[in-house]
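The values are calculated or read from the model by the stated rules, or taken from the named source; none is laboratory data. If you're wondering where the values come from, they're calculated on a predicted model, not measured in any experiment. Don't worry about glycine lacking a Cβ; one is built from the backbone with ideal geometry, like all the others, and counts go over all protein chains shown.
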Amino acid sequence: MPQTPVSSDSAQDSQDTITREINQLHADYAERRAAGAPAEDEVALDFAPYRSSILRHPTKDPRHVDPELIELTSPAFGHTDVGPIESDLTISERGEALGERMILEGRLLDADGRPVSGQLIEVWQANAAGRYIHKRDQHPAPLDPNFTGTGRCITDSEGRYRFITIKPGPYPWKNHMNAWRPAHIHFSVFGNAFTQRLVTQMYFPGDPLFPLDPIYNSIVDQDARDRLVAEYDHELSSPEWALGYRWNIVLNGSKSTWFEAEGDEA
Ligand SMILES: [Fe+2]
């Protein structure tokens with residue numbers, strides 16, 4: 001894939017420059033597809049419009065480790081360690097989080113559509129104003145003392161997960177001038193072992209920032225991008241209380257959810 005050199009201060013690049021690069025890379029992909037190349041829904045490790053991906057993407061093959069050994073030295077979790085209250089991000093000891101309350105449900109599935117039960121799913125996100133509680137987040141938007149933006153749950157026998165949360169706001173980042181991330185929720189999915197952890201992001205339907213965001217667009221395949229967007233589900237919405245969104249996660253196969261390379265975290 002042709003790449004554009006990273007400038008010394010890429011945060012000065014304009015949105016037009018970034019959008020032009022995204023469009024060119026997508027056009028290159030469309031050309032490859034038209035010539036008979038297979039769909040590319042793998043992680044793009046070095047997508048030039050996503051500036052820092054060029055500097056920090058892995059350059060060597062993954063190192064294979066002995067999963068047994070890792071499990072002996074890593075933290076462990078059990079079903080009893082995850083309480084039902086941990087899937088509700090809107091409540092705290094002091095009061096309720098501010099923002100647009102939402103119910104987020106979905107299923108964790110394998111390539112054949114079979115439910116994957118008993119799996120730990122963790123989420124983290126910005127608050128309604130687009131601010132993370134994280135120290136590195138200097139976005140001048142208010143913090144919400146009643147919202148930490150983290151939650152977790154274990155999938156049930158049908159592979160279902162359910163979170164109650166607040167719709168996150170978009171937030172600025174320093175990829176280029178006037179760069180904004182579309183609203184998203186980060187997901188971490190564990191298999192049966194910590195060495196099987198996968199991380200991805202879920203987006204919201206109809207976000208006007210989609211065409212402008214180099215992270216979302218680093219997935220060059222439109223179908224693969226679409227699989228990261230939740231659906232609004234009116235049946236799931238709860239009267240006088242919350243809007244419902246549904247998003248399934250597929251672990252592998254041709255309909256697999258796109259998962260991030262290690263280190264991507266914006
Ligand atoms: Fe984020």
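With respect to the stated conditions, Ala128 is over 16 Å from the mean Cα position of the chain (by Cα) and within 15 Å of the ligand (Cβ to nearest atom). Within the stretch 142-191, the set of residues being of a type in the set (Gly, Ala, Ser) and farther than 30 Å from Arg51 by Cβ comprises Gly151, Ser157, Gly159, Gly191.
If you go through the stretch 246-266 and keep only what is within 16 Å of the ligand (Cβ to nearest atom) and modelled with pLDDT under 70, you end up with Ala261, Glu262, Gly263, Asp264, Glu265, Ala266.
Screening the stretch 1-13 for residues that are surrounded by 12 or more Cβ atoms within 10 Å (Cβ to Cβ) and either at pLDDT 95 or above or hydroxyl-bearing (Ser, Thr, Tyr) (or both) and picking the one that is farthest from Tyr216 (Cα to Cα) gives Ser7. Annotation note: of Tyr132, Tyr203, the sole residue that is in contact (Cβ under 8 Å) with a residue 12 or more places away in the chain and out of contact with any strand residue (DSSP E or B) (no Cβ under 7 Å at 6 or more places or on another chain) is Tyr132. For the stretch 168-189, the set of residues classified as touching a Ser or Thr at 6+ places or on another chain (Cβ under 8 Å) and within 12 Å of the ligand (Cβ to nearest atom) consists of Ile185, His186, Phe187, listed by residue number.
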